Every structure is written in structure tokens, then in C-alpha cells.
Amino acid sequence: MLFRWLVSVSLFAATGAFTVSSSNKDVQVKENEGVDLTCSHSADFGQNARLEWKFKDTKGSQSYVVFNGKPTVPYQSRVSMYSGNLRFSKVTRKDNGMYTCEVSGNGQFSEVDVKLTVLVPPSVPLCRIPTSVTTGKKAVLSCHDADGSPSPQYRWYKGGVLLPPDPSKIAAFRNATYKMTDGGGKLEFPAVGRMDTGEYYCEAYNSAGPAQRCKAVKMEVRDVNTGGIVAGVIVALLLLLLLGVGIWYANKKGYLPKKSESKPKSNVVYQPPSVYGGEEDDGDFKQKSSFVV
């Protein structure tokens, strides 16, 4: 791309003006409607002119829409060309992105970018709201809609009252500790207090259609149950005490099996028969073994 730009600049200086332009570089259209992306150039290349359209989606993936003067296979059923312009018979939300018209001929090259935004109203957003949080703990409420185009922004409500994005600027909310991030998609409480208890819901909105909201969910902030913790510890200690008493009593009454006493083992020393002169003495039997008790 840098090489092409350098070549274009050098040829522009040597041969004069050569520009590629569009009558509308920021196009917005509703989903399922048709639209034209325009492209024109100042040079007259005649038969040597080459015009191509490329598409880069919102994730950065790039592909050809028109190559060698013809729409590519994915676009053949709904894209046509006339005088260098690109015409869609119907657009979908997948067509959101940047389109580049490239014109070259006689060793010259130039291009123009056209942004296409397909307008899609938001859907009911997916909200994640905790129902119970302990006082002093962090709480994060999230809201997201994957359908809206342009990407929706978000508003949060507590008890039906709109929460301002910056509570420090509103007198009635100066004691609030929350903050909003990700275009309002997250409502964060670094350390919740009892005053944060309430019903919350989120609303997604954009320029394409009416706003949509999720169902309200009550978030209750509870204090740490110290009484319950103490009671649990006491019950655990009592159980250990009862277990110890039970083992002692069973052992005293002889209910538990005793260890068997080990009996001493006899040691036997065996001596083989004597061999004299290479032959065994079978004539006489002598006591060779001794038993030790």
C-alpha cells in the first residue's frame, strides 16, 4: 500500500492531477434496502482503465466485491456495476464496513474509501445483574446487544429513575459510588452499600430505531452475617467435643477392638549334615539342630 501511494504521488507530480472521489463517503441505509456507493476519477484511461471495489468488515477482514470488472461470487446475486459505481439491491448487517474504490491505468493508481453503515434497531439487550451482594464487595452489572447497528449505547435505571453517566455532576447523585464504562454497557460499584439495593434494568439505543430494555432485576445488598458465622463455629466445636467423648466412652467400655498382642517367634538354627571326604556321613545320626525358646 505504501509503495502504491508513493507511485501515485510521483506520477501525480509528473503527469498532473489524477484523483478518485465519491459523492458520499459516509453512507447510511436501513437493512434490506438498496443503496449506491459512488466512485469517479478525473483521468481518461480509455480501454486501459481498471476499477476494483474492496470491502473491509468491522473485524478487519478484507475481500473483493468487484474484481476484473465483475462482482465476485458472494455478491453476484445482489451487486451490480454502472459507470464505476457499486449498487446493492439489498443490504444486510454483514455489509457494515469500509469499501475502497481503486482506479488504475497507464501506470497510475489512486483510490477512495466509502463507509457503509447498515441501520439496524437494537434488540432486547442481555443483562447480567446480581441478585445478592455483600456490603463492601465489588458488583458489576453488564448490558449488551449484538444486533444493533450502529453499535448501541446504553442507559441504566434504578427504580425507574435514569442514572446519570457521571453522578458527581448531579446533586441528587453525589453520594453515589458507581461508574459507567464501555459506553454505558457496564455499571460498576467498587464497594456496594445498603443504599445501592434496588431494581435495575438497562436500555440499549441507537439512531436506527426505538430503544429496547431488559427486564428489571432486584439487587439486594446484605451485611455480613457475623452471628451466623459465630453460631456455625460453636456448632462445629460442639460436634468435635461430642465425637471425642463418644470415642473415649466406647474405648472405656471395650466396644472398640483392641490391638492383638504379638507372640514371640521361635528361632530355629539348622545345620546341614557333615560331609567327610566329599561323601556324606549317613552312618551316624547326630543331633545338629538346636531349638531356642
Qualifying residue in region 142-165 (condition: in a helix (DSSP H, G or I), open to solvent by 60 Å² or more (accessible area, probe 1.4 Å) and not aliphatic (A, V, I, L, M)): no
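Rundown of residues vs (1) without any contact (Cβ under 8 Å) to a residue 24 or more places away in the chain; (2) crowded, with 16+ Cβ neighbours inside 10 Å, yes/no style:
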| position | (1), (2) |
| --- | --- |
| 42 | no, no |
| 51 | no, yes |
| 61 | yes, no |
| 80 | yes, no |
Can you say whether residue 124 is surrounded by fewer than 16 Cβ atoms within 10 Å (Cβ to Cβ), at pLDDT 95 or above and outside any strand (DSSP E or B), as far as the supplied structure shows? yes
Take residue 168 and decide whether it is touching a strand residue (DSSP E or B) at 6+ places or on another chain (Cβ under 8 Å), of a type outside the set (Val, Ile, Thr) and either open to solvent by 20 Å² or more (accessible area, probe 1.4 Å) or under 30 Å from residue 115 (Cα atoms) (or both). no
Does any residue of region 21-39 turn out to be more than 30 Å from residue 209 (Cα to Cα), at pLDDT below 95, in contact with a Cys (Cβ under 9 Å, 6 or more places away or on another chain) and crowded, with 18+ Cβ neighbours inside 10 Å? no
Do you know which of the residues in region 91-121 that are assigned to a loop (DSSP other than H, G, I, E, B) and open to solvent by 10 Å² or more (accessible area, probe 1.4 Å) is farthest from residue 193 (Cα to Cα)? 106
What number of residues within region 211-239 are open to solvent by 90 Å² or more (accessible area, probe 1.4 Å) and modelled with pLDDT of 95 or more? 3
Conditions (1) open to solvent by 70 Å² or more (accessible area, probe 1.4 Å); (2) among the aromatic types (Phe, Trp, Tyr); (3) modelled with pLDDT of 85 or more: number failed by residue 88: (1)
In region 181-202, how many residues are in a strand (DSSP E or B) and open to solvent by 40 Å² or more (accessible area, probe 1.4 Å)? 3
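The values are calculated or read from the model by the stated rules, or taken from the named source; none is laboratory data. Note that the coordinates shown come from a computational prediction; the quantities given were computed from them, not determined experimentally. As a convention, Cβ positions derive from the backbone with ideal geometry for all residues, glycine included, and neighbour counts pool all protein chains shown. Calculation scope for accessible area: heavy atoms of the full protein, side chains included, ligands and nucleic acids excluded. Shrake-Rupley method; radii C 1.70, N 1.55, O 1.52, S 1.80 Å.
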